[in-house]
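Okay, structure first, notes after.
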Amino acid sequence: MTPRAILFDLDGTLIDQFQAIHRAFSLTMEKMGFPRPSFETVKKAVGGASISTMSKLIGPERADEAVNILRPIFEEEMLNGLVMLPGAKEILFELKKCGIKTAVLTNKYGPHAREVCRHLGLDDFLEFTLGANDTEWKKPNPKLTQFVLDKIKSTAEDTIYIGDSPYDYQTAQNASMDYFLTTTGTHSEEELSRLGDNINIKPNLLSILPHLIP
């Protein structure tokens, strides 16, 4: 069955922004008196909203303070090293050509997510981009997913979610949506396969495309 809509995660799925993310978190932590984290440490910590990532890196006690420091730093750094992941524009182009609606559902701060999609030209293909602070919920809360499904005028049965992390797997599971996970982001195939039996894992976006369009 051809889906009516596809929802995408952003970081590690459609884009690679980890260079800017690492630098912004490093500068924030250094400013607060913490040692700079390694690239891999930050990459493994992201996936939730910034408050969740900061809690993993420095503990919850000063996470709110850290996010307030982080946001303007990230706005200065956010386009540095930013690239689309291989196949991102191709898959969005093909889906739009087939009349399949697409949108981004991410835990990245909403205004930042939309700026990134605008900068890379991805919003030419997307119905919308919805991120953290755009609603009262965050992934993997099924209320957020239902809000997005209503907005894109689709149902869980007619929609597929594509992401790269356990957050994305849980988002799809909580909403009873079919899904694919790609290994272009924060987790390897081995790590993702530990989430359960018969996890739908693909190496990249283009390897998912034949499963979306007959």
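The values are calculated or read from the model by the stated rules, or taken from the named source; none is laboratory data. Here the structure is a predicted model, which is why all the values come from computation and not from measurement. Here the Cβ positions follow ideal geometry from the backbone for every residue, glycine too, while neighbour counts run over all protein chains shown.
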Residue count, the range 105-134 (criterion: touching a helix residue (DSSP H, G or I) at 6+ places or on another chain (Cβ under 6 Å) and either farther than 21 Å from LEU70 by Cβ or acidic (Asp, Glu) (or both)): 5
Every pair of residues 6+ apart whose Cβ atoms lie under 7 Å, when the first sits in the range 62-76 and is in contact (Cβ under 8 Å) with a residue 40 or more places away in the chain and closer than 13 Å to ILE21 by Cβ while the second is of a type in the set (Val, Ile, Thr) and crowded, with 19+ Cβ neighbours inside 10 Å: LEU70/THR28; ILE73/THR28
Can you confirm whether ALA20 is within 18 Å of the chain's Cα centre (by Cα), surrounded by 16 or more Cβ atoms within 10 Å (Cβ to Cβ), modelled with pLDDT of 95 or more and of a type in the set (Gly, Ala, Ser)? yes
Suppose we keep only residues that are over 16 Å from the mean Cα position of the chain (by Cα) and under 20 Å from PHE18 (Cβ atoms) within the range 169-193. Which one would you say is surrounded by the fewest Cβ atoms within 10 Å (Cβ to Cβ)? GLU190
Kindly indicate whether any position in the range 57-73 is in a helix (DSSP H, G or I) and closer than 19 Å to GLY185 by Cα. yes
Among the helices (runs of 4 or more DSSP H) lying completely within the range 142-199, list those that include at least 2 residues that are closer than 16 Å to ASP11 by Cα and in contact (Cβ under 8 Å) with a residue 60 or more places away in the chain. 166-174
Kindly establish whether LEU7 is modelled with pLDDT of 95 or more and in a strand (DSSP E or B). yes
Could you list, in sequence order, the residues of the range 93-118 that are of a type outside the set (D, E, K, R), farther than 16 Å from GLY12 by Cβ and either in a helix (DSSP H, G or I) or more than 13 Å from the chain's Cα centre (by Cα) (or both)? PHE93, LEU95, CYS98, GLY99, ILE100, THR102, GLY110, PRO111
Quick check on the range 55-104: of everything there that is of a type in the set (Asp, Glu) and closer than 22 Å to LEU120 by Cα, which residue is surrounded by the most Cβ atoms within 10 Å (Cβ to Cβ)? GLU77
